[in-house]
Amino acid sequence: MEKQEIKKVDIMSADETAKTILDLLIEDLPFKNGDEVVALINGYGSTTLMEMYIISRKLNSYLPEKGISVYSTEIGEFWHLTGDGRCVNITCKTGW
């Protein structure tokens with residue numbers, strides 16, 4: 001599959017946006033049913049804590065629907081960018 005760096009979509013709800021991001025991550029990374037992961041939600045200095053908690057709520061309900069359990073979710077400003085941005089990283093599988 002060819003990687004797409006920019007995806008243009010009509011306005012979506014927060015849950016739909018989080019689901020879209022998670023689907024792209026699951027497709028791109030080697031995660032499968034039964035995996036356990038640690039998730040990192042980084043605001044990059046421009047995303048409010050409330051927005052990051054909204055993403056976390058959907059992440060923690062949607063990944064188990066895909067058979068992926070969440071060991072831990074870390075939320076915060078871990079590094080910054082100049083300008084607008086947000087980031088969801090599923091940083092690692094546990095039990096390797």
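Brief remarks follow.
- Placing dummy labels 7 Å off each Cα toward the beta-carbon, the span from ASN60 to GLU27 is 2.7 nm.
- Integer Hz, Karplus 6.51/-1.76/1.60 couplings in order for the stretch 19-26, x for Gly and Pro: 4, 4, 4, 5, 4, 5, 5, 4
- Length gained when the stretch VAL38-TYR53 is fully extended (0.36 nm per residue, less Cα-Cα span): 3.9 nm
- For the Cα trace of the stretch 1-75, dividing Rg by the Kirkwood Rh returns an Rg/Rh value of 0.96.
- Fewest-first sequence of ASP10, ASP15 by Cβ atoms within 10 Å of each Cβ: ASP10, ASP15
Every number in this text was worked out from the coordinates using simple rules, so none of it is lab data. Computed from a prediction, not measured in an experiment: that's the story for all the values here. Cβ coordinates were reconstructed from backbone atoms using ideal geometry, including for glycine residues, and neighbour counts include every protein chain displayed.
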